[in-house]
1. Please specify each residue of segment 409-431 satisfying the condition of being more than 16 Å from ligand 2 (Cβ to nearest atom), in contact (Cβ under 8 Å) with a residue 12 or more places away in the chain and over 15 Å from Ala264 (Cα atoms).
2. Output the residues belonging to segment 172-206 that are surrounded by fewer than 16 Cβ atoms within 10 Å (Cβ to Cβ), assigned to a loop (DSSP other than H, G, I, E, B) and either at positive phi or of a type in the set (Ser, Thr, Tyr) (or both).
3. Considering only residues of segment 432-455 that are within 17 Å of the chain's Cα centre (by Cα) and either more than 30 Å from Gly309 (Cα to Cα) or within 15 Å of ligand 2 (Cβ to nearest atom) (or both), which is surrounded by the most Cβ atoms within 10 Å (Cβ to Cβ)?
4. Run Thr206 past the list (1) out of contact with any helix residue (DSSP H, G or I) (no Cβ under 6 Å at 6 or more places or on another chain); (2) farther than 16 Å from Leu458 by Cβ and report the number of the one that doesn't hold.
5. Of Leu70, Leu109, which residue is out of contact with any Phe, Trp or Tyr (no Cβ under 7 Å at 6 or more places or on another chain), under 24 Å from Gln188 (Cβ atoms) and buried (at least 20 other Cβ atoms within 10 Å of the Cβ)?
6. Among the residues of segment 380-409, count how many are among the charged types (D, E, K, R) and over 28 Å from Ala134 (Cα atoms).
7. Taking the stated definitions as given, is Thr152 out of contact with any Gly (no Cβ under 9 Å at 6 or more places or on another chain) and within 16 Å of ligand 1 (Cβ to nearest atom)?
8. Of the numbered conditions (1) under 17 Å from the mean Cα position of the chain (by Cα); (2) more than 30 Å from Gly292 (Cβ to Cβ), Ser214 satisfies every one except a single condition; which is it?
Amino acid sequence: MRKSILTLLGIGGLLSSCSNMDHDMSQMNSGSETKIVEGQFNTPLALPKTVDFKNVHLEAQAVDGAWAGLGYSANGLLGPTLVARTGETVQPKLTNKLSEGTNLHWHGLSVPVDQDGLPEDQTAAGASKDYSFALKNRAGMYWYHPHLMGSTARQAYQGLAGLIILRDDEEDKLKLPSGEYELPLVVQDRRRSGSGYKPSMNEIMTGFMGDQISVNGIPSPVHQVKQGVYRIRLLNGSNARTYNFALSDDREMTLIGTDGGLLAAPEKIKEVLMGPGERVDLLITFSTADQGKELFLLSKTFDNGGTQGTQSFKVMKWTVSDQKGIDYQVPSTLSAIERLPSASSTFPFVLSAPMEMNMSGGMGMHKINGKVYDKTAYETTVKAGDLGTWNFQNTTHEIHPIHIHGLQFQILERVGRPLQATDKGWKDGFVLLPGEQVKIALRFSTDKGRHLLHCHNLEHEEDGMMLQYLVE
Ligand code: C2O
Ligand code: CU
Ligand code: CU
């Protein structure tokens, strides 16, 4: 296991040589993850209600008595799941019934820059905004959440998030399990103490983690399934926690899709590491032999040289009934994926936490290429529709789930661990472990203007680990 840079440098000496920091460093050198306390697994799972994306009206509001505090619907669970077909034009409306500003970002969708929910695009308390854009993405599961500077992490933690499901002809042909056999699951960690959100310095380093798991807004749920195949679509909607999902009896799952839709071919996996913002599309078979057994979706420990992954915990429980569900034979080809080439030159992004790497001070500890977010600055300028190769390097002891706006890209190479099954599909985010390097291939959007690139550990993002690239 790699040693963290913090350990290698000897944190004590480093801190005492640092005079111009305005933070209390004493609580920062013991960054550790918040431990999960497992629940009872007796509350039934619910699915967020499904609505047509086309003219949806989302009302951000305080939800009385809800665990998380805020919501896009009065029931206090997640926002509705917005469903549409590729190629349609949608006109969602946001009404802000909060007592503070907010906005909406359509995570994973390629939309014009003025529809993307940039950190400065504020819909003030009491105001509304009408969005309008064409759906250019493939069939897949995307999601929406606020992206307002200074409020993203808190508002998302307090419940402002929801799913987007796009369908298209290519996916329809596969006749994948649907209806009750298709289960979208949003996994989030929250605090049993309630909706309060006030990260300490240490929680800015690690990200704000909860001590209980919720699925679709329900703490530690249980779901009864029939004997057959289910399409299980997972979003890690947590602020900071990375999960290593697996089933409690270690059975094989079939990975059929990632952030940007279906893979070219199915992949057999037993576990899947997912950082905040990432999605996977899985087929899981429950059989006659499972009847009466207790099966769990788990997050298993994982080796990463950082502060996460030290605990294995249950996420939700499955019980298998005596009823027959459906059979499904997964085809050996799922979709056509054009492989993007690796260019000879790559643009570098180095992620650092300056308390380890340098002591230049400034407002943020989390930086990319030595900088914190600046709405007037572009790290690089690219041509609309051009190909590019970018290289990311993590020099910190924390996991950074990288997310890029405006496109879906492909992972070419990892230095630090082998390519993962999820690296074979279209992605808008990926996990960059401590010490790891990842090279990606991109085809830049034809939507000109500012696009964001940031860490989707939302506390890191708020702390400055975000920058912009310009498409012209
Ligand atoms: Cu889901 Cu820029 O974020
Ligand atoms: Cu995004
Ligand atoms: Cu980060």
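1. Our first condition is that a residue be more than 16 Å from ligand 2 (Cβ to nearest atom); within segment 409-431, this holds for 410-425.
Pick out the ones that are also in contact (Cβ under 8 Å) with a residue 12 or more places away in the chain and you get 410-417, 420-425.
Correct list: Leu412, Glu413, Arg414, Val415, Gly416, Arg417.
2. Within segment 172-206, Lys175, Ser178, Ser193, Gly194, Ser200 qualify.
3. In the first step, residues of segment 432-455 are kept if they are within 17 Å of the chain's Cα centre (by Cα); the result is 432-433, 452-455.
From the residues that got through so far, the ones that are either more than 30 Å from Gly309 (Cα to Cα) or within 15 Å of ligand 2 (Cβ to nearest atom) (or both) too are 452-455.
Details: Leu452: 21, Leu453: 20, His454: 28, Cys455: 31.
The qualifying residue surrounded by the most Cβ atoms within 10 Å (Cβ to Cβ) is Cys455.
4. Exception for Thr206: condition (2).
5. Working: Leu109 fails: out of contact with any Phe, Trp or Tyr (no Cβ under 7 Å at 6 or more places or on another chain).
After ruling out the rest, the residue left standing is Leu70.
6. The initial filter retains those residues of segment 380-409 that are among the charged types (D, E, K, R), namely 383, 386, 398.
Within this subset, residues satisfying the condition of being over 28 Å from Ala134 (Cα atoms) are 398.
Of the residues in segment 380-409, 1 are among the charged types (D, E, K, R) and over 28 Å from Ala134 (Cα atoms).
7. Numbers: out of contact with any Gly (no Cβ under 9 Å at 6 or more places or on another chain): yes; within 16 Å of ligand 1 (Cβ to nearest atom): yes.
Yes: the conditions hold for Thr152.
8. Failing condition for Ser214: (2).
The values are calculated or read from the model by the stated rules, or taken from the named source; none is laboratory data. Not measured: the values here are computed from a predicted model. When we count neighbours, we look across all protein chains shown, and the Cβ atoms used for this are built from the backbone with ideal geometry, even at glycine.
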